[in-house]
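The values are calculated or read from the model by the stated rules, or taken from the named source; none is laboratory data. A quick note: this is a predicted structure, and the numbers were derived from the prediction, not measured. Counting neighbours? That spans all protein chains shown, and the Cβs are built from the backbone with ideal geometry, glycine included. Note: areas computed on protein heavy atoms with side chains; ligands, DNA, RNA excluded. Shrake-Rupley method; radii C 1.70, N 1.55, O 1.52, S 1.80 Å.
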Amino acid sequence: MQVSPSGSGTVSPASGWYNAGSSVQISAIPSTGYLFKSWSGSGSGSYSGTNNPATITMNYPITETANFESYVAVTFSVSGLSSSATGTILTVAYGGTTYSLQYSNLPFTLDVVPGSTVSYSFESPITPSSGNYEWFWTSTSGLATAQSGNITATQSGSITGNYVQEYQ
């Protein structure tokens, strides 16, 4: 069995000889700044897909390649709120997954493939668990400036929703 990385990362186990019919678990470990994307395998019993770790069956000579991609880190946070804020404060969507984030989930860092689109939306108003006030969104700073929208992630950075407390 031949196992190798494509991109920046390591694989285990090392390439070597294995008994016919044996099952071998393969793992891919990305280097800092990289994500594991997929396995590309060839030979009877090989594996191609996104499972990590994955298991192959040694029925024939097998070649497995772990594919890694670089990423940028986008960190979402808020200012002006306190832990008494209730409900969803921020919604983030990336790669088919939507994250509904409450105060306790922030800051939130998302590893994004460069050039990918990330959608976000800061809620307003935000209510406290008790009290006669609310928080209203006032601005967004960092990689974005609107209350909601899409960004194309080309560099690591942050997006902060800024809030002000208001009374009726």
**Request:** May I ask you to compute the full-extension gain from Gln147 to Gln2, defined as 0.36 nm times their residue separation minus their alpha-carbon distance, rounded to one decimal in nm?
**Result:** 47.2 nm
**Asked** For region 83-122, what is the Kirkwood hydrodynamic radius in Å, using each pair of distinct C-alpha atoms?
**Response** 11.0 Å
**Asked** Any idea what the relative contact order of region 37-102 is, in percent, if you count C-alpha pairs under 8 Å spaced at least 6 apart?
**Response** 24 percent
**Request:** Could you look at the chain and say what percent of its accessible area is carbon and sulfur, using a 1.4 Å probe and all protein chains?
**Result:** 46 percent
**Item:** Long-range Cα-Cα pairs in region 95-168 (distance over 21 Å), rounded percent
**Value:** 31 percent
**Asked** What FRET efficiency do you get for Ser130 and Gln155 if R0 is 41 Å and r is their Cβ-Cβ distance, rounded to the nearest 0.05?
**Response** 0.50
**Request:** Please calculate how many Å² of accessible area the chain carries per residue, with a 1.4 Å probe and no DNA, RNA or ligand atoms counted.
**Result:** 52 Å²
**Item:** Förster-model FRET efficiency, 22 Å R0, Thr32 and Ser116, C-beta, rounded to 0.05
**Value:** 0.70
